[in-house]
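The values are calculated or read from the model by the stated rules, or taken from the named source; none is laboratory data. For clarity, every value in this text was computed on a predicted model and none was experimentally measured. Glycine gets a Cβ as well: all are built from the backbone with ideal geometry, and neighbour counts include every protein chain shown. Just the protein is used for accessible areas: all its heavy atoms, side chains included, with ligands, DNA and RNA removed. Shrake-Rupley method; radii C 1.70, N 1.55, O 1.52, S 1.80 Å.
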Amino acid sequence: MISVFLKEQTKQQHDDTEAKLQSQKIFDKSYTLDDYKKLLIHNYKLINRYEPQIQDQLKNYPELKLDLRSKINALKTDLNNLNIETETGVPTQNLENEAEAFGALYVMEGSTLGGNVIAKQLKRNPEFENVEFNYFGVYGENTGPYWQEFKSIIDEKITEEHYDDCVTGAKKAYQLLS
């Protein structure tokens, strides 16, 4: 199954990204608002570049419900609420095929799953008492079911001959995050 293969093949990129974005500080309550702003900016670079490409590359998969999985507006709301300026240029296209798009979406959906945990932890930190978590809480109570549904779809649609491209797409996404 590609979801298991992706997790194994991108473990180093996942761990490197968590280290670079100082995830451990979220749990020991030493995470600052500036740390959070940097995290949002990194996520914006990922979502701004890949969400439109994924929607284009995977438009023939209605079961993905890509309109419900869109995160850009929630992310822009959080950035605006914190007075963070973002680039408005046209993002570079670099997802070469459907398998790469599925790989990038794997990272984005996994990030949403992790984002739910991040939001819960930061809400316990007094420095974040007036912060809304639109992006990290984008799916609300549907986070777990959306993740399971996505893994089921990717495992069904990606055949072994496309595993390498899928991993390439995931690694491109991790590279943008870190």
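Restricting the search to the stretch 116-148, which residues are closer than 20 Å to Ile41 by Cα, touching a residue at least 60 places away in the same chain (Cβ under 8 Å), under 17 Å from the mean Cα position of the chain (by Cα) and in a helix (DSSP H, G or I)? Matches in the stretch 116-148: Ile118 only. Residue check: is Ile54 in contact (Cβ under 8 Å) with a residue 60 or more places away in the chain, among the hydrophobic types (A, V, I, L, M, F, W, C) and assigned to a helix (DSSP H, G or I)? Judged against the criteria, Ile54 is not a match.
For the stretch 17-40, the set of residues classified as under 15 Å from the mean Cα position of the chain (by Cα) and open to solvent by 60 Å² or more (accessible area, probe 1.4 Å) consists of Glu18, Lys38, listed by residue number. The set of residues from the stretch 159-174 being open to solvent by 60 Å² or more (accessible area, probe 1.4 Å) and either of a type in the set (Asp, Glu) or under 13 Å from Leu95 (Cα atoms) (or both) comprises Glu160, Glu161, Asp164, Lys171.
For Ala104, state whether it is over 28 Å from Glu160 (Cα atoms), touching a Phe, Trp or Tyr at 6+ places or on another chain (Cβ under 6 Å) and of a type outside the set (Val, Ile, Thr). Judged against the criteria, Ala104 is not a match. Count of the stretch 8-37 residues, restricted to those that are basic (Lys, Arg) and under 14 Å from Ile118 (Cα atoms), is 3.
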